[in-house]
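All remarks here apply to the structure that follows.
The values are calculated or read from the model by the stated rules, or taken from the named source; none is laboratory data. Remember, predicted model here, so these are calculated numbers, not experimental data. Here the Cβ positions follow ideal geometry from the backbone for every residue, glycine too, while neighbour counts run over all protein chains shown. Please note that ligands, DNA and RNA were not included when accessible areas were found on the heavy atoms of the full protein model with its side chains. Shrake-Rupley method; radii C 1.70, N 1.55, O 1.52, S 1.80 Å.
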Amino acid sequence: MSLVSQCSTCTSIAMYAYHAVFVLQLFFCFTEATGSSIVGGKESEPHSKAYMVSLQHANGSHECGGVLIRKDFVLTAAHCQFKKMTVILGAHNIRRRSEKTQRIKVAEFHPHPNYTYPPNYSNDIMLLKLQQNAQLNTYIKVLELPKKKKKKNLPANTTCTVAGWGQTVSGRKMGLSNVLKEATEKIQFDFECKHIWQDYFQTGVMICTKHDEKGGFCWGDSGGPLICKKKFEGIVSYADPSNCSNPRYPHVFTKVRSFLDWIEKVMQGKTAA
């Protein structure tokens, strides 16, 4: 989740009593958040996550991750939207040209209509309609969405996996990874996330995870998937903006299961572009 375009002023930070709110005040002094690589973790087995997508500018610079959920649709975070977006499929090392990869431009952007940045990251989810269908093969595959909604949240301490090409060290614009990396994080109790992130964490549409300083998502991994028990459960959304590896602040994901009806409507063409 790379943070760019720092705003000119931050207002009345000292008024806030809690450090969590202090961090959030810093967080919202940026006009845009695009992208969050993996700090620590390990290099993924090449092409083992054939659904992973790199969202890039026309100049080839990586900004965010994403997930191919149909031959013509990629799911990512709403805060990852930028002009002239190209998706790269089938890549392990995104700096190497290969016959295994496909580059497809985005034809339509479908951020959730209730996405609210600023002031927060509620409904941080977006569908990208591709200009042409991806050609599925050994290196490019679709990741299935959850079959149905769960009434209960994932149990706390469930082990999940995150993956991306973002930063490998905590800090701004440092150490982007050329190869896909992954790390494990564990589901945190909602009440703990609510206590720390306060009003910015919404239990109905968000999941949070606990992590340590050795591994977890960072700037450049936004839009990538949270996989728990082999199911696609979340989309990388936000973290402590001053230190993505700070274990005091849970990582937060958009809860995919909360948006299944909206996703279906968009892919069926029942919403406006």
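Here are a few things to note about the model shown:
- Rounded accessible area per residue of region 64-119, 1.4 Å, Å²: 47
- Counted charge near Gly224, where neighbours are those whose Cβ lies closer than 13 Å (Asp, Glu -1; Lys, Arg +1): -4
- Region 39-188: C-alpha gyration tensor shape, a/c 1.5 cut-off, then a/b vs b/c: rounded
- Ranking Asp72, Asp212 by solvent-accessible area of protein heavy atoms (1.4 Å probe, all protein chains present), from largest to smallest, gives Asp212, Asp72.
- Here's the list of aspartates and glutamates a cross-link from Lys148 could span, going by alpha-carbon distance under 13 Å and ignoring same-chain residues fewer than 8 apart: Glu233, Asp261, Glu264.
- Region 133-262 shape via C-alpha gyration tensor axes, a/c threshold 1.5: oblate
- The figure for Tyr200 is an accessible area of roughly 60 square angstrom, using a 1.4 Å probe on the protein chains alone.
- With DNA, RNA and ligands ignored, accessible area of Cys160 (1.4 Å probe; Å², nearest 10): 0
- Ranking of Arg95, Arg70, Arg257 by solvent-accessible surface, largest first: Arg95, Arg70, Arg257 (1.4 Å probe, protein heavy atoms only, all chains present).
- Once both labels are positioned 7 Å from their Cα atoms along Cα-to-Cβ, the gap between Lys84 and Asn59 label points is 1.0 nm.
- Remark: for residue pairs Lys49/Lys147; Lys210/Lys265; Lys49/Lys152; Lys71/Lys210; Lys49/Lys83; Lys49/Lys84, the C-alpha separation exceeds 31 Å in Lys210/Lys265; Lys71/Lys210.
- The apolar share of the surface of region 166-273, taken as the fraction of accessible area on carbon and sulfur atoms (1.4 Å probe, ligands and nucleic acids excluded), comes to 52 percent.
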